[in-house]
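Just below is one structure, and these are the notes that go with it.
Each value in this text was obtained by applying a stated rule to the coordinates, not by laboratory testing. Just so it is clear, the model here is predicted, and its values are computed rather than measured. No Cβ is skipped: glycine too gets one built from the backbone with ideal geometry, and neighbour counts run over all protein chains shown.
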Amino acid sequence: MEVLKGAIALIGYGLAAIGPGVGIGIIAGNAVQAMARQPEAAGMVRTTMFLGIAFTEALALIGFVLFFLA
Amino acid sequence: MEQLILASGECDLTQQTVCAPADVTELFEYRIPVFEILGFPITRTVFLMFLAAAIVAAITFFGLRRKAVVPGRFQAAVEALFGFVRDEVAIGIIGPHGIRYYPYLLAIFLFVLVGNFFEITPFVNFPITSRMALPASLAALTWVIFIAAGIKRQGVRYVADILWPPGVPVFLRPLVGAIEFVSTFLVRPFSLAVRLFANLVAGHVMLTLLLTTGLVSLTTIGEIGALKGAFGIAWWALGLAIFLFEVVVIVLQAYIFTLLSAVYIETSVNPAH
Amino acid sequence: MAYLYTLAVQILATAEPVPISEGGEGGGGLRLLLPVPEELIAGLIAFGIVFAVVWKFGIPALNETLDARAAAIKADLDAAEQAKQEAESLLDDYRAQLAGAREEAARIVEEAREAAEEVRADILSRAEAEAEAIRGRAREEIAAERERVAAELKQQVADLAIEIAGKLVAESLDVERQRQLVDRYIEELGGVR
């Protein structure tokens, strides 16, 4: 039972990482596009990008914690 | 390194692919006090925390002691570090008011940076930020500061605007307010702490396991055979690559922790969002 | 120092993990997530130290350095500005002096030209006068010579005439009267001319 629980937790974390992974990719990609179009706004774009990544990453972090809790 | 060598004694690569302990906690918990001061246990982690504080103090002191108009290399580097946090983070994110939070943000940045760097420091190889105590306490401090800044700046409206957000259709306000409340007061400090913690835990686990496996496979290559030995060396090479990658993670996570602290303070100070 | 070093080595070598059973079964991961009291306290104290050092020493020291640097740069710029102004005024001075010198040179050249012109005119006039004088003298000499030659010729003509006349008219006439006669004749001749 213990082994099964651990395996399910692993799968759960893997699933939880999909969404944030895609999301962070989209954010970073669009940020690169924005920086390429307007290099003078690169500082602002970078900050906003980190913010967006932080919010998106929170989901993966919750998954990480739940993996430990399981 | 000691923990690598200690762990390697229990590792048998004829049975395992990678030297993994039965419980990852083993890699992080060192709660046997070496000695006690007034009943306060000085464990390895506690010692490293004070060591990090001493290193930051030493860098600050020796970097800025001479106050030379034409700075030397070290002074210029320390000045650049300080100036980066002031211009890019404190003033860049929060605005002109940000100079008030500059000491706090700078202290966080330097402390977390040095704490992270313990991950790849030879003979230490243990990031103190991978113990929940440090990220949690710093995140709690940021939490207190941004709530205090919001209440000081906007009064009761700060909390009221979050719970009953203006500019949102009335029937949605309870829902949005609840989400905002959870996101602002619960998820923010939690994710701030866990992000740093998780990154450093993951990095430490990977480095320890891969480098230990490489070391053990090199020392016991006669018993495990050439094939497994080659695998072990591959693990070791991967560990070295991750070692380099961790340098980026270390700096980036310290920066992100500081940046997000500044962003959270900014949302309290400037309500027009 | 040596004591501190041994202490550090001793602490770093303490890698004895806590027995897993202590945290309860299966809860190992959760234990990792919960802050440990002594580390929480130590972390806050250590952060307090960092904050105090940065706040009370680092930032004031850095600001002092930056202010000193700004002041030094400002002083340098001011000095440069002053030097530039000085150089400009000096340049104006030199320009004025140069213009004066040029004028002076032109004046001197003009003067020299005038003087040379004067000398030329002088020499020319003097040479002309001298030439005139030489010409006059030559004319006088020529005249005198002609006169002398004329007198001589007159003399010879008279003598010749007397001689011829004496031969022609025979010896009746004495020499003195003949001479007078010839003289009168020649004078008459001269009057006709």
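Some notes on this structure:
- If you wrap the tightest convex hull around every Cα atom of the range C:139-192 and split its volume per residue, you get 76 Å³.
- The Cα center of the range C:116-143 and the Cα center of the range B:38-95 differ in position by 108 Å.
- Point-to-point label distance, B:ARG157-A:LEU15, nm (Cα→Cβ direction, 7 Å offset): 4.5
- Longest to shortest principal axis, alpha-carbon extents of chain A, angstrom: 57, 15, 9
- For the protein assembly as shown, the number of Lys pairs separated by eight or more positions or lying on different chains, with C-alpha atoms closer than 27 Å, is 5.
- Once the Cα-Cα distance is subtracted from the 0.36 nm per residue extended length, the B:LEU38 to B:VAL170 segment shows a gain of 41.7 nm.
- Which of B:PHE50, B:PHE171 has the fewest Cβ neighbours within 10 Å, and the rest in rising order: B:PHE171, B:PHE50
- Neighbouring partner chain Cβ atoms per residue of B:100-106, average, 10 Å criterion: 3
- With Cα atoms defining each centre, the range B:191-248 and the range B:116-181 are spaced 34 Å apart in the structure.
- Counting, for every residue in B:126-134, the Cβ atoms of other protein chains within 10 Å of its Cβ and taking the mean gives 5.
- FRET efficiency, 1/(1 + (r/R0)^6) with R0 41 Å, evaluated for B:PHE181 and B:ILE242 via beta carbons: 0.55
- Average beta carbon contacts from partner chains per residue of A:43-52, 10 Å cutoff: 3
- Counting beta carbons within 10 Å around each of C:SER125, B:SER130 and listing the fewest first gives the order C:SER125, B:SER130.
- Packing rank of B:92-100, B:240-248, C:69-77, where each peptide gets the mean count of other beta carbons within 10 Å, highest leading: B:92-100, B:240-248, C:69-77
- Max mean-square fluctuation residue, GNM over chain B, Cα-Cα springs under 10 Å, options B:PHE84, B:PHE61, B:PHE40: B:PHE40
- Sorting the segments B:250-256, B:119-125 by their residues' average number of neighbouring beta-carbon atoms within 10 angstrom, most packed first, yields B:250-256, B:119-125.
- Using the Cβ-Cβ distance between C:LYS154 and C:ALA115 with R0 = 60 Å, the FRET efficiency computed as 1/(1 + (r/R0)^6) comes to roughly 0.55.
- Proxy reagent accessibility, fewest Cβ within 10 Å first, across B:VAL56, C:VAL175: C:VAL175, B:VAL56
- The Cβ shell under 12 Å around B:VAL269 holds other residues with a net charge of +2, Lys and Arg each +1, Asp and Glu each -1.
- Hydrophobic long helices, here whole DSSP H runs in chain B with Kyte-Doolittle means of at least 0.0 and Cα atoms spread over 18 Å or more along the helix axis, are found at B:44-64, B:102-117, B:133-154, B:188-219, B:221-269.
- When peptides B:217-225, A:31-39, C:109-117 are sorted by average Cβ neighbour count within 10 Å, with the highest value leading, the order is B:217-225, A:31-39, C:109-117.
- C:ALA143/C:ALA105 FRET efficiency (R0 56 Å; Cβ-Cβ; nearest 0.05): 0.50
- Three principal axis extents of the protein assembly as shown based on alpha-carbon atoms, in descending order, are 208, 74, 49 Å.
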